[in-house]
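A.B. asks: Structure in C-alpha cells, see below.
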Amino acid sequence: MSACYQNAWLLINTVSTPIITFRERPCMPAKAKHIAAQDNCMSVKVVCENGTIIEWYPDGTVQETLPNGNKTIFPAKPTYTSFLNGSYILAEFFLGYLSFQPYLRGNYLEFNANGITIYRRNGQTFLWSQEFPAKEVDGVISYSIGNFDDEDFWRSERSDSFS
C-alpha cells in the first residue's frame, strides 16, 4: 500500500473558515479495494477503534472525521486525463459551503517525473508528494452503493467487517 503527503482542507467545529493543511493521505485497506472498484460503489468507510471515520469516494476525495467532529478533506490527485480534458474538480469553499465544481479555466497543473503533482487556481496551491509505502487504515469496513441508472437516486449502506 502507498500514500502521499498532500494539502487538505481542515474544518474545525468552532472555526468558520477552513484551514489548508499538509499531511499524509489515509491509505485505504487492501480488503476494501475490490469494493471501491465496483461501478455502483458510492463510498468506502472505515470506522477506526479510536472513533475516527474515514471515507473514500470514487472521485478520489477522502474525508476523515475525528471523534470531536473536526474534518479533514483530502482532494483527489489530478490525473493526466484531467489535464487533457482541461478540467479538474477541487473541493472549494464558498460562503461556508463545500463545493465540488469543475473548472475549465484558470487551472495550472504540473506533473513532475518524480511523481510530485502541483495544482494552482485562484492563488491557492495544492501539492501531492511522491508515493511512499504506508500502513493502511485499520477498522470496520462498510460501504455505500447506489444505482446510477434509476431516476430516483437511491442509496443503501451495508456494514460488513472484513478485518
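The values are calculated or read from the model by the stated rules, or taken from the named source; none is laboratory data. Everything quoted here is computed from the prediction, not taken from an experiment. Neighbour counts run over all protein chains shown; Cβ positions are idealised from the backbone, glycine included.
A.B. asks: Give the residues of the range 44-74 that are within 16 Å of Tyr143 (Cα to Cα), polar (S, T, N, Q) and in contact with a Phe, Trp or Tyr (Cβ under 9 Å, 6 or more places away or on another chain), sorted by residue number.
C.D. replies: Hits for the range 44-74 are Thr61, Gln63.
A.B. asks: Now, a different point. Does Glu136 meet the test of being under 26 Å from Pro29 (Cβ atoms), charged (D, E, K, R) and modelled with pLDDT under 90?
C.D. replies: no
A.B. asks: While we're on this one: Under 8 Å between Cβ atoms, at least 6 apart or on separate chains: pull out the pairs that start in the range 4-16 with a residue that is under 16 Å from Phe126 (Cβ atoms) and end on any residue that is among the basic types (Lys, Arg) and assigned to a loop (DSSP other than H, G, I, E, B).
C.D. replies: Correct list of pairs: Cys4/Arg25; Cys4/Lys77; Tyr5/Arg25; Gln6/Arg25; Gln6/Lys77; Ala8/Arg25.
A.B. asks: Okay, next question. From the residues in the range 58-78 that are touching a residue at least 40 places away in the same chain (Cβ under 8 Å) and surrounded by fewer than 14 Cβ atoms within 10 Å (Cβ to Cβ), which one is nearest to Phe111 (Cα to Cα)?
C.D. replies: Asp59
A.B. asks: Kindly indicate whether Phe22 is out of contact with any helix residue (DSSP H, G or I) (no Cβ under 8 Å at 6 or more places or on another chain), under 23 Å from Gly146 (Cβ atoms), at pLDDT 90 or above and not polar (S, T, N, Q).
C.D. replies: No; evaluated as a whole, the condition is false for this residue.
A.B. asks: Taking the conditions exactly as written (within 17 Å of Pro18 (Cα to Cα), small (Gly, Ala, Ser) and at pLDDT 90 or above), does Gly69 satisfy them or not?
C.D. replies: yes
A.B. asks: Inside the range 116-133, can you point out the residues that are over 18 Å from the mean Cα position of the chain (by Cα) and at pLDDT 85 or above?
C.D. replies: Pro133
A.B. asks: Identify the residue in the range 1-57 that is hydroxyl-bearing (Ser, Thr, Tyr) and loosely packed, with under 13 Cβ neighbours inside 10 Å and, among all such residues, is farthest from the chain's Cα centre (by Cα).
C.D. replies: The qualifying residue farthest from the chain's Cα centre (by Cα) is Thr14.
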